[in-house]
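Visitor: Below you'll find the structure I mean.
The values are calculated or read from the model by the stated rules, or taken from the named source; none is laboratory data. Note that the structure is predicted; figures quoted are calculated from it, not measured. As a convention, Cβ positions derive from the backbone with ideal geometry for all residues, glycine included, and neighbour counts pool all protein chains shown.
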Amino acid sequence: MKTTKQIKNNTFWIILFSFFILNSSFLIDKAMAQAISLSVSPPLFELMIQPNKQVKQIFTITNLGGDSIITPSLVYFESTDGTGNVNLTENQAPDWVIYNKTPFNLKGQEKFDFEILFSPPSDDPEIDHLLTLVFETNEPVDLLGQNSTTYTSKIGANILLTISKDGSPEKKAEIIEFSAPKIIDSLYPIRYTLKLANNGNSFWKPNGKIIVNKEILNLAPQNILSNSLRKMKCIDNEILINCELKTRFYVGKIVSKLEFTIDEEPKVYKLEITTYSLPLTLVGVVVLLILVWRKLKR
């Protein structure tokens, strides 16, 4: 059996080891916060350009942490799901997108204006180029006086670039789903599911609403990329919300009307669906009270 002294020694080393682990994690988090903190503006840049034309754009990167060496790159991104998330690829931007690929030093609390020149040739097809300007830094973390770990920090700005000869690229929309429950309890609001697809060769934003009696739900003007679909949100005072009615206690047949256009296109897309709102809970309560009353009456 272990002596009391051995138990005390083991306990001491366990406590010391636990303290080291916890303190090391704290130091790493603190060092990361000090060393890696970047921001870029604008975070999203939309550009329509004619072939054989040139456009310059400045992106401002700000270093809110310690001195860092920044490596720029410009790659394509792709849509990964129907909620607006994207995934960076390893495919580089076309060679007519010109920028300085040389890493540069950016001191803490300083800003740097990064210039990109867009100059598509005359034979470039009229399609979208979905790009992300990435700024990356590899920073060693000083752990107990030793640069033992390196953390990679990335920040990016998305670039939606449309090539169009006449400024009117092909835009097509399709309503994949506009739905709500067929039957709903009158005590609960109606929530809608709306999925739109872009079957054209240029991104666009919907401009529209869902109308129910006198209540209006405004669609959020979210970008839908070419050859992709997106589950749409609504907007209220610039805040994204679920497409859900605020009014309750509708009873009977409810007709919900979807109407929207895409950007400045004149075509109006429309669809109607029907929901039946019934006072199911209230009826259930009344039936229960009647049964209780009858039982008590006996």
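Visitor: Any idea which of (1) buried (at least 16 other Cβ atoms within 10 Å of the Cβ); (2) under 30 Å from Leu44 (Cβ atoms); (3) in contact (Cβ under 8 Å) with a residue 60 or more places away in the chain is the one Cys243 doesn't satisfy?
Guide: (3)
Visitor: Please tell me if Ile176 is under 24 Å from the mean Cα position of the chain (by Cα), β-branched (Val, Ile, Thr) and under 20 Å from Val86 (Cβ atoms).
Guide: Here the answer is yes, as Ile176 does meet what is asked.
Visitor: Also: Scan Leu258, Leu240, Leu278, Leu282 and give me the residue that is over 24 Å from Ile176 (Cα atoms) and in contact with a strand residue (DSSP E or B) (Cβ under 8 Å, 6 or more places away or on another chain).
Guide: Going through Leu258, Leu240, Leu278, Leu282 in turn, the sole match is Leu278.
Visitor: Here's a follow-up. Residue by residue through the stretch 93-102, note down the ones that are surrounded by 13 or more Cβ atoms within 10 Å (Cβ to Cβ) and either assigned by TED's automatic domain parsing to the domain that holds Ala197 or part of a loop (DSSP other than H, G, I, E, B) (or both).
Guide: Residues satisfying the conditions are Ala93, Pro94, Trp96, Tyr99.
Visitor: Hey, another quick one. Of these, Glu259, Glu265, which one is at pLDDT 95 or above, under 30 Å from Glu170 (Cα atoms) and not in a helix (DSSP H, G or I)?
Guide: Glu259
Visitor: Give me the strands (runs of 3 or more DSSP E) completely within the stretch 171-240, filtered to those with at least 3 residues that are at pLDDT 95 or above and touching a helix residue (DSSP H, G or I) at 6+ places or on another chain (Cβ under 8 Å), ordered by residue number.
Guide: Result: empty, no element qualifies.
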